[in-house]
1. Among the residues in segment 178-201, are any in contact (Cβ under 8 Å) with a residue 60 or more places away in the chain, outside any helix (DSSP H, G or I), in contact with a helix residue (DSSP H, G or I) (Cβ under 6 Å, 6 or more places away or on another chain) and surrounded by fewer than 16 Cβ atoms within 10 Å (Cβ to Cβ)?
2. Going through segment 373-394 one residue at a time, which ones are near the ligand (Cβ under 9 Å from one of its atoms) and aliphatic (A, V, I, L, M)?
3. Report, by residue number, each residue of segment 126-137 that is near the ligand (Cβ under 6 Å from one of its atoms) and either modelled with pLDDT of 95 or more or not in a loop (DSSP other than H, G, I, E, B) (or both).
4. Name the one entry in MET390, MET345 that is modelled with pLDDT under 95, over 24 Å from SER161 (Cβ atoms) and hydrophobic (A, V, I, L, M, F, W, C).
5. Consider only pairs whose beta carbons are under 6 Å apart and that are at least six residues apart or on different chains; among these, list those whose first residue lies in segment 348-372 and is in the same structural domain as TRP247 (by TED's automatic domain parsing) and within 16 Å of the ligand (Cβ to nearest atom) and whose second residue is aromatic (Phe, Trp, Tyr) and in a helix (DSSP H, G or I).
6. Within segment 210-221, is there a residue that is in a loop (DSSP other than H, G, I, E, B), at negative phi and either within 16 Å of the ligand (Cβ to nearest atom) or of a type in the set (Gly, Ala, Ser) (or both)?
7. Quick check on LEU123: is it more than 13 Å from the ligand (Cβ to nearest atom), modelled with pLDDT of 95 or more and within 22 Å of the chain's Cα centre (by Cα)?
8. Out of (1) within 30 Å of LYS133 (Cβ to Cβ); (2) modelled with pLDDT of 95 or more; (3) surrounded by 15 or more Cβ atoms within 10 Å (Cβ to Cβ), the odd one out for PHE317 is which?
Amino acid sequence: MNMHSNERDTEFAALLAKVHAMGRDIIAPLAAEVDRDARFPREGMQALRSLKLLGAYVPTELGGLGLTLLQIAKISEVLGHYCGSTAMIFAMHQIQVACLVHHGMSSDYMRAYMRQLVTEQRLVASATTEIGKGGDLRSSICAIEIEGDTFSLTKKAPVISYGVDADDIMVTARRSANAPASDQVHVLVHKSDYTLEPISGWDTLGFRGTCSAGFILMCQGNVNQILPTPFSEILGHSMHPTAHITWASLWLGIASDAMNIARSFVRNEARRNPNTPPISSLRLGEADAVLQTMRNDIHAAAHEYQALLDGDDADAFSNFGFVIRTNNLKLNASRLIVDVVGRAMLIVGISGYRNDSKFSLCRHLRDAYGTGLMVNNDRILNHNSTLLLMQREG
Ligand SMILES: Cc1cc2nc3c(=O)[nH]c(=O)nc-3n(C[C@H](O)[C@H](O)[C@H](O)COP(=O)(O)OP(=O)(O)OC[C@H]3O[C@@H](n4cnc5c(N)ncnc54)[C@H](O)[C@@H]3O)c2cc1C
C-alpha cells in the first residue's frame with residue numbers, strides 16, 4: 001500500500017524524535033568515554049539496532065524501513081550532534097547498504113542477504129583502502145581467485161572502521177589475478193568466512209570510536225557474493241555520492257553542536273552582564289553564517305542526488321558536472337567544519353579548550369580534522385582538476 005507523502009513525513013518526524021531522544025539519553029552521555037578510550041560505541045549501536053536503523057535504507061519489500069537517501073542523511077546529521085564516531089559508523093554502514101540496494105536487487109543472494117541484514121540488524125564495514133594504494137579507490141592490488149563457484153581473497157587493509165565489531169565487510173579487489181588494477185569488483189564477505197589479522201591499531205586524533213584499525217583480511221565465499229555491477233559503476237552511482245552526502249551531513253551535525261555549545265556560552269555571558277552585550281555574540285553571528293553555507297551546500301547536493309535516484313537516467317551519475325559538484329561538497333564541508341568549530345572555540349575560549357568542561361569543544365575539533373583525510377582532499381582536487389579540463393564549457 002502506498003502511503004501519502006504527508007503520512008510518510010509524519011512517520012519520519014516521529015522516527016527522528018526517537019533518534020534525538022536516543023542521542024540525548026544514550027549516545028551523548030558516553031561520547032566522551034568512547035572518545036577517550038577509543039572504544040566501539042556499543043550502547044549507541046545497540047540503540048540504533050533497537051530502532052531497526054541498520055536496515056533503514058533497505059526497501060520495505062525486503063523488510064527494511066525503506067527510507068530515502070535524504071532521510072538517511074538527516075539521521076546522520078542528527079547523530080553527529082551527539083557523537084561523531086557513532087554518526088560516522090552509522091553513515092559508513094549506510095554507504096555499504098546503498099551499494100547493495102542500488103546494485104544487488106537483481107541477485108537472489110543479495111536480496112536474501114538484505115532480508116537477513118534487516119532481521120539480524122547486521123553491521124557492514126568497508127575495506128577499500130589498501131597498503132600500496134593509499135586512498136586511491138579506483139584501483140586495487142589484491143585480486144579475487146575463483147575456483148569453480150568459490151572465491152578466495154587476501155587484502156592488506158590499513159584502515160577498516162569497526163572491523164572487529166562488524167558482521168560483514170564489503171571489499172574492493174581486482175576481478176582476477178590477470179585483471180588490470182582498475183578492473184575492480186565489490187565483494188560482500190561474512191564474519192564466518194573471514195579472518196582479520198591485526199597490523200595496526202587506532203590511536204588517532206579524532207573519530208576515535210570508529211576503531212578503524214588495520215588488518216590483513218583473508219576471506220572466501222561463493223561467487224554470488226560478488227556484486228554483478230563493476231565497481232567503477234558502483235563507485236560513481238552509489239558509493240561516491242552517498243559517502244560525501246552522509247559524511248558531510250554528520251559533519252554538519254558536529255558543527256551545529258559546536259555552535260549550540262557556543263550559543264549557550266554566549267547566552268550565559270549575556271545573562272551575567274545584561275547591560276553589555278558580549279563581543280562574542282558578534283562572532284556567533286559570523287559563525288552562524290558559515291554554518292548556513294555548509295548546510296545549504298549539503299542540502300543542494302543531497303537533493304540533486306535524490307532527484308537522480310528518483311529519475312531513470314543511469315548515465316546522469318557519470319555526468320562530469322555532478323561528479324565535480326559532489327567532490328566540491330566534500331572539499332567545502334571538510335573545510336567548513338574546521339572553520340565553524342574553530343570559530344566556536346574562539347567564542348567559548350578556555351572553557352572550550354578544556355577537556356573537562358561542559359563547554360568543551362576538543363572532541364569536535366579533533367573529529368573535524370579527520371574529514372579532510374577521508375579520501376584526501378588533494379586527491380579529490382586532483383580528480384576535479386582533470387574533470388574540469390575535460391568538461392565542456394556551460
Ligand atoms: C576516520 C576514518 C575512517 C576511515 N575508515 C575507513 C574504512 O572503513 N575503510 C577504508 O577502506 N578506509 C577508511 N579510511 C581511510 C581513508 O578513506 C583514506 O583512504 C585513507 O585515510 C588514505 O590514507 P593516506 O592519507 O595515508 O593516503 P593517500 O590518500 O594516499 O594520501 C597520502 C598523501 O599522498 C597524496 N596523494 C597521493 N596520491 C595522490 C593523487 N593521485 N593526487 C593527489 N594527491 C595524492 C595525498 O594528498 C596525501 O598528501 C578511513 C579514514 C579515516 C580518517
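The values are calculated or read from the model by the stated rules, or taken from the named source; none is laboratory data. Quantities reported herein were computed from a predicted structural model and do not represent experimental measurements. All Cβ positions, even for glycine, are placed from backbone atoms using ideal geometry, and neighbour counts span all protein chains on display.
1. no
2. The answer is LEU373, MET374, VAL375, ILE380, LEU381.
3. Residues satisfying the conditions are SER126, ALA127, THR128, THR129, GLY134.
4. MET390
5. Close Cβ pairs (under 6 Å, with a partner that is aromatic (Phe, Trp, Tyr) and in a helix (DSSP H, G or I)) amount to THR371/TRP251.
6. Within segment 210-221, one or more residues are in a loop (DSSP other than H, G, I, E, B), at negative phi and either within 16 Å of the ligand (Cβ to nearest atom) or of a type in the set (Gly, Ala, Ser) (or both).
7. no
8. Every condition holds for PHE317 apart from (2).
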